[in-house]
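Got a structure for you, written out below as structure tokens; questions coming shortly.
Every number here is computed from the coordinates shown, using simple stated rules; none is lab data. Note that the coordinates shown come from a computational prediction; the quantities given were computed from them, not determined experimentally. We place every Cβ from the backbone using ideal geometry, glycine too, and count neighbours over all the protein chains shown.
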Amino acid sequence: MSCQHATQKNLVLKHMRQHGAITTLIAFRKYLVCRLSERIRELEQDGHVINRGDIKKNGKHYTAYSLIEYRKRAA
């Protein structure tokens, strides 16, 4: 993982902790994260449990990701 991905991953994690959830649009507009689903996958590999909520608004469908908990991975 590149340094940029690590930084984006940390921004996404911080946003979920502070605001509860993040969407692809928010991630792009606020942090220029183009591949939110990949950053979420990396966080899950690190041991974070993340919920995916399907949102339907104005005829559009999108996903909001929210942090549930952190589980330390077994060595």
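When only DSSP loop residues count, what trypsin sites (Lys or Arg not before Pro) in the stretch 1-52 have their Cβ near at most 16 other Cβ atoms within 10 Å?
Values: sites: Lys9, Lys14, Arg17, Arg29, Lys30, Arg35, Arg39, Arg41, Arg52; in loops: Arg35.
When the trypsin sites (Lys or Arg not before Pro) of the stretch 1-52 are filtered for loop state and at most 16 Cβ neighbours within 10 Å, Arg35 remain.
Would you please give the residues with an amide H less than 5 Å from that of Ile50, counting only those at least 5 places away or on a separate chain, with H modeled from the backbone geometry?
Ile68
Here's another thing I want to ask about it. Extension gain Lys56-Leu32, at 0.36 nm per residue separation less the Cα-Cα distance, in nm?
Details: separation 24, 0.36 × 24 = 8.64 nm, distance 2.34 nm.
Value of the extension gain: 6.3 nm.
Still on this structure, I have one more. When the Karplus curve 6.51 cos²θ - 1.76 cosθ + 1.60 is applied with θ = phi - 60°, which whole-Hz ³J(HN,Hα) does each residue of the stretch 36-49 get, with x for Gly and Pro?
Each residue's phi maps through the Karplus curve to give 4, 4, 6, 5, 5, 4, 5, 5, 5, 5, 6, x, 7, 9 Hz.
Before anything else, pin down the relative contact order of the chain: Cα pairs under 8 Å, at least 6 apart, normalised by residue count, whole percent.
Dividing the mean separation by the residue count of the chain yields 30 percent.
With a 10 Å Cβ neighbour count serving as the proxy for reagent exposure, in which order, fewest first, do Val12, Val49, Val33 appear?
Working: Val12 25, Val49 12, Val33 22.
Lowest count first: Val49, Val33, Val12.
Given [x] 28, 16, 13; [y] 34, 16, 8; [z] 21, 15, 10, which label gives semi-axes √(5λ) of the Cα gyration tensor in Å as computed from the coordinates?
Answer by label: [z].
Work from the charge dipole of the chain (Cβ charges, +1 for Lys and Arg, -1 for Asp and Glu, about the Cα centre) and give the residue of Ile40, Gln8, Ala21 farthest towards its positive end.
Of the options given, the answer is Ala21.
Assigning unit charges at the beta carbon (Lys, Arg +1; Asp, Glu -1) and nothing else, what dipole magnitude in debye, to the nearest 20, does the chain show about its Cα centre? Intermediate values should be presented prior to the final figure.
Working: 15 positive and 6 negative charges, 38 e Å.
Taking the Cα centre of the chain as origin, the dipole is about 180 debye.
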